[in-house]
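Any read-out appearing in this document is the output of simple, stated calculations on the displayed coordinates, not a laboratory observation. Here the structure is a predicted model, which means the values were calculated and not measured. All Cβ positions, glycine included, derive from the backbone under ideal geometry; neighbour counts span all protein chains shown.
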Amino acid sequence: MIAEVHYTDDHLIAMLEGGDEQAIARNQHLASCATCRQSLDEYRSIVRVLADEAPWDRSELKDEPDPSTVATLRAFATSMQREDEEAETYVAALLEGARETWMPRLRAHPEWRTAGVVRRLAAASYPALDKMPPDAVEITNLAIEIAEHLVPGAYVSDTVARLRGAAWRERAYALFFVGRFHESLAACDRADAAFSECVVDEYDRARVAVIRALSLGPFDRLAEAASLATAAIKTFSGYADEARFVSASISAVHVQFKARDYKGALASLLRLSDGVGQHGDESLRALIAANLGFCYRELGNSEAALAQYALAASIHDANKSDSESARVRWNIAGLLTALGRTDEALAMFAVVRTEFDRLSMESEYVIAGLEVAELLLLQNRFEVAESVCREISARIEIAGLSNTSRALAAVGFLQEAMRSRRATVKLVRHVHDYVRRLPEEPNLLFAPPLL
Amino acid sequence: MLEQNALEVPPAPDEKQVKTASEPVRSTAREPQQAGDVEALYNEHRTLLLYIACRKFRIPDCDSENLIQDVFLSYLQTGTKIDNVRAWLVAAMCNASRHYWRAQGRTESLPDDFTDRLDPSSQGLADTFAMQMTIHQALDYLAEKCRDTLHLHYFEGRSAVEVATQLETTPRYAEKLIHNCLQRVRDIYIRITTVKP
């Protein structure tokens, strides 16, 4: 039996003292011997620490816990718990019935204006995004209404500033989710301003930065978005928050999408996917899969794209994230359209639109409807396409979408073109693009293209 | 036909995709902490946080304690599940300490190496500080001569020859001393950090 040979401590220290890192990297024994490598790393870490001022400071640190801090923290936790318990009942009562009734009800109940209610509303807005996005937006509105009227002096430290920041951040996210990007950015400003008053602010502001980066995307402000995403990635890495590290990384991937660097984006996403692994958080896996689907699509690998979209949709289904499932399936419908699998696409659009209808996702319902009209046109089914346009017009009118009259004019023009058999794919896309841009560009005038 | 038209009217940016790739803020909302849990957390992490504030950021003891309180209050209000509490608290303590110096900067001068502290590498920060704290403790167990040798060589950056001059000995012996003392610190470090069964 041959005894295992290792470097002595003297040898290892001499290597470090020599300072030739390239020689260390080339050393064959170190490359193959985990024991020696570990010892060398330990010495390296100790030497690094010894070069710092802190370990040489011989002054005494007060070792005992501070009773007044303990008392403050205990009192805060107890009061927060009590407030949150009370808030549960208040919020259940507040969110009863149609969302139009919520704000008047809040105004009739001043006793509901507590920090606990703000926290509960913020927590309630996320599930609402999955089930009924317009409700989520209104919930964040309620949270802000309360947070902005709380008296800072009634709470310890920077509690009220933190609550306001959180309420504005949730609103920014909800607005981003429903496509109101300008308003989302304005809400990000408010969130940042509130958090900047807090002693510990970088974690919360990094969360705001991710939303801001996402909301900047549609305006092609790529450099800003990339810089925000990169800074947020660094922050979440420091806080060892894997979920948000992934989310910030995804927002950086979006910048790559916008710059059409799909190969780079794919590499980033695959790295994230490996990092999260099979046992990672389900919502993260769905998020990565949906983005991989988009990336593969852009790289022309349709089968891989469909597989990733299907994976994302199945995870969202299992998590009962209805709105996310619908959005992913919308992407599948779009991909099937691009592949010329028109019948399958139409079937998928039918499923998606039913969901958008059920979830009151009006703007998505209308846009997806125009995509259906395009497919029907490709099949020369003018009459059905015309009836889809009519239905879209009716929906726009009922929903009272922003810029209703302008949207109605555009869709009406399309409907008429369908009726007279003069509609073209170019026209459908023109109307589609116009209606999609209207919420963010309310002054945009509809100018029909030359047919 | 579809592709030809696609050239004429570029497809709209895929907003659907943008929206799906959202901040996964859907992480489980954390239940409020019980008073006892908070006290236990404070007792567990206070020494490390105090070390960071006092030693790394050179903040006076009494102000450090206030900052620790602020860090725990922030932690309590974060509202989402935090997997690695120690890493979160350490990063937040660095944030609070930098905030402290920014605020103080209005009325008094900053420490010389303040800029170094503005951007510490965040990766593995908790482990780095925990290690510093343990090495600090290990140095207490060293003989004074050993401690002085390590200080001269690794902190002041003196060569073995300079250490020899300072200690009035030969360079060869000084080199030996440096090696032995470093080994000794590592031995003590391992002994402190080894979890006994």
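With N the number of residues in the protein assembly as shown, Rg(Cα) / (2.2 N^0.38 Å) evaluates to 1.17. In the stretch A:1-125 the Cα-Cα distances spread across 10 Å bins starting at 0 as 10, 21, 12, 9, 12, 16, 13, 5, 0 percent of all pairs. The A:Glu86 and A:Ser387 beta-carbon pair, evaluated with R₀ = 51 Å, returns a calculated FRET efficiency of approximately 0.45. Note on A:Leu299 and A:Ile398: the model spin-label points, each 7 Å out from Cα along the C-beta direction, lie 4.3 nm apart. Database remark: amide H of B:Thr80 closer than 5 angstrom to the amide H of B:Arg30 (H placed geometrically; neighbours at sequence offset of 5 or more, or on other chains; Pro and chain starts carry no H).
Would you compute, from DSSP H runs of 4+ residues alone, the mean residue ellipticity of the protein assembly as shown at 222 nm, taking -39500 (n - 2.57) per run and dividing by the full residue count, rounded to the nearest 500?
Value at 222 nm, helices only: -23000 deg cm²/dmol.
In order along the stretch B:155-168, the Karplus-derived 3J(HN,Hα) couplings, from 6.51 cos²θ - 1.76 cosθ + 1.60 at θ = phi - 60°, round to 8, 7, x, 7, 6, 4, 5, 5, 5, 4, 4, 4, 8, 6 Hz, and Gly and Pro are given as x. Once the Cα-Cα distance is subtracted from the 0.36 nm per residue extended length, the A:Asp63 to A:Ala154 segment shows a gain of 29.6 nm. Legend: residue pairs A:Lys234/B:Lys81; A:Lys263/A:Lys320; A:Lys320/B:Lys81; A:Lys234/B:Lys56; A:Lys62/B:Lys56, Cα-Cα distance threshold 23 Å; pairs beyond threshold, A:Lys263/A:Lys320. When only Cα pairs below 8 angstrom with a gap of at least 6 residues are kept, chain A shows a relative contact order of 7 percent.
Taking 22 Å as R0, compute the FRET efficiency from the Cβ-Cβ separation of B:Glu144 and A:Asp41 and round it to 0.05. Present the calculation step by step, with values, prior to reporting the outcome.
Details: r = 28 Å, r/R0 = 1.29.
Here the calculated transfer efficiency is 0.20.
Put simply, when A:136-142, B:149-155, A:416-422, A:389-395 are sorted by average Cβ atoms within 10 angstrom per residue, most first, you get A:136-142, B:149-155, A:389-395, A:416-422.
Amide H contacts under 5 Å for A:Arg180: none, restricted to partners 5 or more places along the chain or on a different chain, H placed in the peptide plane at 1.01 Å from N.
For the stretch A:1-69, build the convex hull from the C-alpha positions and give me its volume per residue in Å³. List each step's numbers first, then the result.
Values: hull volume 12.2 nm³, N = 69.
Taking the convex hull of the Cα positions in the stretch A:1-69, it is 177 Å³ per residue.
Which net charge results for the neighbourhood of A:Leu40, defined as the other residues with beta-carbon distances under 14 angstrom from its beta-carbon, given Lys and Arg at +1 and Asp and Glu at -1?
Working: positive: A:Arg26, A:Arg37, A:Arg44, A:Arg48, B:Arg186; negative: A:Asp9, A:Asp10, A:Glu17, A:Asp20, A:Glu21, A:Asp41, A:Glu42.
It works out to a net charge of -2.
Estimated at 0.36 nm per residue, the fully extended path between A:Asp10 and A:Ser360 surpasses their Cα-Cα distance by 118.8 nm. Oblate is the label for the stretch A:356-414, because a/c, from the alpha-carbon gyration tensor with a ≥ b ≥ c as root eigenvalues, is 1.5 or above and a/b does not exceed b/c.
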